[in-house]
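**Q** Please read through the structure below; I'll follow up with questions.
None of the figures in this text is laboratory data; all of them are computed from the coordinates on show. As the structure is a computational prediction, the values presented were derived from the model and not from experiment. Here Cβ is always computed from backbone atoms with ideal geometry, including for glycine, and neighbour counts include all displayed protein chains.
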Amino acid sequence: MEQLTISKIREGTVIDHINAGKAPLVLKILGIDKGSKETVSLAMNVPSKKMGKKDIVKVEGKFLGEEELNKIALIAPGATINIIKDYKIVKKFKVTPPEKLEGILRCPNRNCISNAEREPITPKFKIVKKSTLFAVCEYCGRRFSNFEDNLE
Ligand code: CTP
């Protein structure tokens, strides 16, 4: 049997098949940081048959919502979500990009009203899939696809 890099969890959310090296960005998207109380384990550059190398994130004792989890698709389009209860996988799904997004990204247009220093407003985007995935700012119409460089 294949050796486990990180232990199985009793209850919570496992995010698997994250593109190698992107686990820290996944935590950022989920708002998990030094102030979070959950036990979180993270494995990077794990050998994977399908992907060569992959990252894995396990958040114990927390059932993240599908909408929140789908935001991960912006930086890890092939991620698989496993919801774990009593050590068993009760739900498994692939992330799908959201159609609309509030926050998470910031508009790369410096002159966009969403970047105003006074009275900041929540950035809003439409996510469009053509041959690639891109975001369209609801305020200024700027399109961009380099999501990683524009995380809030
Ligand atoms: N997992 C876990 N705790 C559990 C059950 C599963 O942390 N109690 C993790 C596994 O370590 C794995 C992921 O959840 O990273 C998916 O588990 P499983 O479906 O058993 O593995 P695979 O068959 O390899 O998944 P897939 O078919 O999605 O590649």
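**Q** I'd like to check something: does segment 47-57 contain any residue that is of a type outside the set (Ser, Thr, Tyr), at positive phi and part of a strand (DSSP E or B)?
**A** Taking every residue of segment 47-57 in turn, at least one turns out to be of a type outside the set (Ser, Thr, Tyr), at positive phi and part of a strand (DSSP E or B).
**Q** Please specify each residue of segment 81-99 satisfying the condition of being touching a residue at least 40 places away in the same chain (Cβ under 8 Å) and of a type in the set (Asp, Glu).
**A** Selection gives ASP86 alone.
**Q** Since ILE121 meets every condition but one in (1) within 16 Å of the ligand (Cβ to nearest atom); (2) assigned to a loop (DSSP other than H, G, I, E, B), which condition does it not meet?
**A** (1)
**Q** Take segment 48-86 and flag every residue that is among the β-branched types (Val, Ile, Thr) and either within 13 Å of the ligand (Cβ to nearest atom) or over 27 Å from LYS129 (Cα atoms) (or both).
**A** Scanning segment 48-86 gives ILE56, VAL57, VAL59, THR80, ILE81, ILE83, ILE84.
**Q** Can you tell me how many residues in segment 91-129 are of a type outside the set (A, V, I, L, M) and within 20 Å of the chain's Cα centre (by Cα)?
**A** 20
**Q** How many of the residues in segment 1-25 are in contact (Cβ under 8 Å) with a residue 24 or more places away in the chain and within 14 Å of the ligand (Cβ to nearest atom)?
**A** Total meeting the criteria: 15.
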